[in-house]
1. Return the residues of the stretch 86-124 that are in a loop (DSSP other than H, G, I, E, B), open to solvent by 60 Å² or more (accessible area, probe 1.4 Å) and touching a Ser or Thr at 6+ places or on another chain (Cβ under 6 Å); say none if nothing qualifies.
2. Quick one: count up the residues across the stretch 23-64 that are surrounded by 18 or more Cβ atoms within 10 Å (Cβ to Cβ) and either hydrophobic (A, V, I, L, M, F, W, C) or in a helix (DSSP H, G or I) (or both).
3. What is the one condition in (1) in a strand (DSSP E or B); (2) open to solvent by 20 Å² or more (accessible area, probe 1.4 Å) that S74 does not satisfy?
4. Limited to the stretch 98-108, what total is found for residues that are among the polar types (S, T, N, Q) and at pLDDT 90 or above?
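The values are calculated or read from the model by the stated rules, or taken from the named source; none is laboratory data. This one's a predicted model, so the numbers in the text were calculated from it and none came from an experiment. When we count neighbours, we look across all protein chains shown, and the Cβ atoms used for this are built from the backbone with ideal geometry, even at glycine. With ligands, DNA and RNA removed, areas are computed over all heavy atoms of the protein, side chains included. Shrake-Rupley method; radii C 1.70, N 1.55, O 1.52, S 1.80 Å.
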Amino acid sequence: MLDRMFLQQSGEGPLFSADVFSTSLYTGNNSDQTITNGIKLASKGGLVWLKQRVSGGNNPAHWLFDSARGSGFSLSTNEAGGQFGTWSPGVTFNSNGFNTGGHIQWNTNGVAYASWTFREAPKF
């Protein structure tokens with residue numbers, strides 16, 4: 001089971017895998033939507049990785065947004081350009097997950113997506 005304690009943070013008590021990693025599925029809606037996964041990205045920082053799950057949507061690329069680069073910039077692991085930006089709207093980080101923004105690259109209406117969220121933490 002993934003909810004095991006695997007790190008100890010000084011002053012914060014035990015840290016569980018569910019505190020720093022989450023997989024979420026969503027369906028695009030061409031509008032900003034909140035993905036609530038319990039990961040505190042706004043205060044702790046981290047990375048969101050988005051991928052279209054089926055062919056036939058707008059773009060099957062992998063899109064990675066991180067708090068160090070900022071919400072308007074992304075990396076694409078399968079594109080020659082590497083870093084892309086400035087996206088508007090880009091993915092934004094909040095205290096309980098992230099917002100997709102309404103961009104058709106990762107939020108096309110009716111298209112299925114997967115997201116993986118990684119929160120910054122010592123040793124992770």
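1. N96
2. 9
3. The failed condition is (2).
4. Kept after step one, since they are among the polar types (S, T, N, Q), are these residues of the stretch 98-108: 99-100, 105, 107-108.
Next cut, at pLDDT 90 or above only: 99-100.
Residues that pass the stated criteria total 2.
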